[in-house]
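Down below is the structure, laid out as structure tokens.
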Amino acid sequence: MKTIYAIALLVLVGLSIVAYAIQPRREVGGKLLLTWTSDDNPARREQIDLFNQLHPQYELRLDPGNVGMEKVIVQSLAGVGPELFDCYSHAQLTAFVKAGVAWDVSELYEKHGMQVEDIWSVVHPNFIYEGKPYGHPTNAATDAIWYNKKLFRENGVPYPSGDWTWDEFIETARRLTKIDSSGRPAYFGYLSNRTEWYPMIRQFGGRLYTEDGTRCAMDSPECVRAIQLMQDLTYKHKVMPGPNQEAAMAAAGGWGSGVITLFGGGKGAMAHGGRWWLCLLRQYEDLELGVTEFPRGPQKVFWGYGRATLVNRLSPYREQAFDFIRFEHDRPYNELINHQADALAPVIDYCRGELFLRDPEFPHEDYNQTWADVMDYGEPMESSPFIDGREAQ
């Protein structure tokens with residue numbers, strides 16, 4: 001038995017040596033290597049380049065191959081996790097904190113004069129746990145209605161001015177739904193990836209969970225009313241395509257299968273989405289865009305969300321990694337986010353000035369004030385301490 005234990009010990013020591021040998025070198029050209037596990041959005045490259053330019057003592061690198069809550073937790077507990085990683089919801093944040101891999105940076109916020117109140121509240125649940133920050137948002141968003149100005153003009157329909165009811169919205173969408181000579185829809189009045197279900201149930205007074213968080217409340221009359229309205233947009237009012245119609249339009253037009261590309265290709269007069277859609281819509285040079293508020297029900301509630309970057313508590317370079325958190329709070333990063341249209345800058349003040357409202361490189365984008373205005377009505381998705389949000393969704 002002693003021999004077996006000795007062999008096992010030698011094997012573990014050997015594996016530890018191998019793991020140490022193959023892990024990335026912590027210095028590259030005299031710079032400290034930091035790793036950020038995030039998606040491979042092209043915008044991320046420019047954000048990293050700006051950080052490295054402003055902080056020449058570091059070499060920040062993107063690791064898109066290990067995105068995912070489970071991967072981050074396992075690797076961090078094994079001592080080979082990234083210094084920084086993304087968080088998309090309060091359910092994920094809770095898991096990161098309870099696993100012991102997210103670092104409470106409250107003291108560093110205070111040391112550097114950073115205030116969570118300066119950050120859009122819709123993303124607070126993604127980085128604040130029990131009143132303590134564990135990182136910083138990378139962006140913030142509240143969805144609104146994109147509209148195609150050309151299709152409005154061709155159909156003699158006035159541009160929407162915001163703060164409209166569902167009845168007004170449906171009537172507008174009906175006037176903008178056109179059938180071609182073969183009897184098939186040429187374009188619809190409204191396109192959606194069906195994320196509007198959450199603000200709709202909140203508008204009608206519904207909730208995901210009971211107030212004590214112990215039970216799902218989606219069977220309430222308020223929720224049923226909202227979901228019925230959402231279904232009626234397709235099957236009663238016929239202003240929004242069903243899944244089969246979406247697939248047929250994508251195949252016929254050759255644009256792909258996404259709602260963004262369908263809208264960009266002129267297959268819808270209006271669409272529900274965020275400012276980050278511009279990352280793709282800017283590619284459509286002849287597309288004339290406008291933005292207005294999402295329709296309201298008895299209550300005026302829109303869907304707010306965002307993404308946050310957390311610091312790995314188990315990294316020996318966690319204090320150095322906090323320099324990236326400070327970077328996300330400062331002007332250069334926030335102005336870059338707004339310029340890229342990677343949603344909105346996380347710090348509120350940078351979404352108020354003339355540079356945000358009228359980017360010199362995109363002077364035709366005259367609707368940025370609307371994106372800032374709808375943030376005041378954005379509400380993050382509810383969560384329950386007793387229910388796994390990933391399973392509930």
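The values are calculated or read from the model by the stated rules, or taken from the named source; none is laboratory data. Computed from a predicted model, the values in this text were never measured in an experiment. When we count neighbours, we look across all protein chains shown, and the Cβ atoms used for this are built from the backbone with ideal geometry, even at glycine.
Numerical summary
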quantity: Positions within region 320-372 being aliphatic (A, V, I, L, M) and within 20 Å of the chain's Cα centre (by Cα), in sequence order; calculated: Ile325, Leu336, Ile337, Ala341, Ala343, Leu344, Ala345, Val347, Ile348, Ala372
quantity: Count of residues meeting criterion [surrounded by fewer than 16 Cβ atoms within 10 Å (Cβ to Cβ), under 29 Å from Gly258 (Cα atoms) and of a type in the set (S, T, N, Q)] in region 212-238; calculated: 2
quantity: Yes/no for Tyr187 being surrounded by 16 or more Cβ atoms within 10 Å (Cβ to Cβ) and over 24 Å from Thr142 (Cα atoms); calculated: yes
quantity: Complete set of residues in region 106-132 that are crowded, with 24+ Cβ neighbours inside 10 Å and farther than 15 Å from Asp376 by Cβ; calculated: Asn126, Phe127
quantity: First in region 59-78 and assigned by TED's automatic domain parsing to the domain that holds Gln320 and outside any helix (DSSP H, G or I), second anywhere and crowded, with 16+ Cβ neighbours inside 10 Å and charged (D, E, K, R), Cβ under 9 Å, 6 or more apart; calculated: Leu60/Glu83; Leu62/Arg44; Val67/Asp86
quantity: Residue in region 203-211 that is surrounded by fewer than 20 Cβ atoms within 10 Å (Cβ to Cβ) and farther than 22 Å from Lys300 by Cβ present; calculated: yes
quantity: Filtered residues of region 39-89 (kept if of a type in the set (Val, Ile, Thr) and closer than 24 Å to Leu336 by Cα); calculated: Ile48, Val67
quantity: Residue, modelled with the highest pLDDT, within region 19-41, restricted to residues that are assigned to a helix (DSSP H, G or I) and surrounded by 10 or more Cβ atoms within 10 Å (Cβ to Cβ); calculated: Ala19
quantity: Region 51-65 - residue that is surrounded by fewer than 16 Cβ atoms within 10 Å (Cβ to Cβ) and under 30 Å from His90 (Cβ atoms) and, of those, nearest to the chain's Cα centre (by Cα); calculated: Pro64
quantity: Subset of region 368-393 that is outside any helix (DSSP H, G or I) and among the acidic types (Asp, Glu) - its residue that is modelled with the lowest pLDDT; calculated: Asp388
quantity: Filtered residue count, region 303-333, keeping only those that are farther than 19 Å from Lys31 by Cβ and of a type in the set (D, E, K, R); calculated: 5
quantity: Any chance Ala78 is of a type in the set (Gly, Ala, Ser), at pLDDT below 95 and closer than 18 Å to Pro316 by Cβ; calculated: no
quantity: Condition met for Arg184 (modelled with pLDDT under 85, within 30 Å of Arg153 (Cβ to Cβ) and among the charged types (D, E, K, R)); calculated: yes
quantity: Matching residues in region 201-232 - criterion: being among the hydrophobic types (A, V, I, L, M, F, W, C) and closer than 20 Å to Leu176 by Cβ; calculated: Leu229, Met230
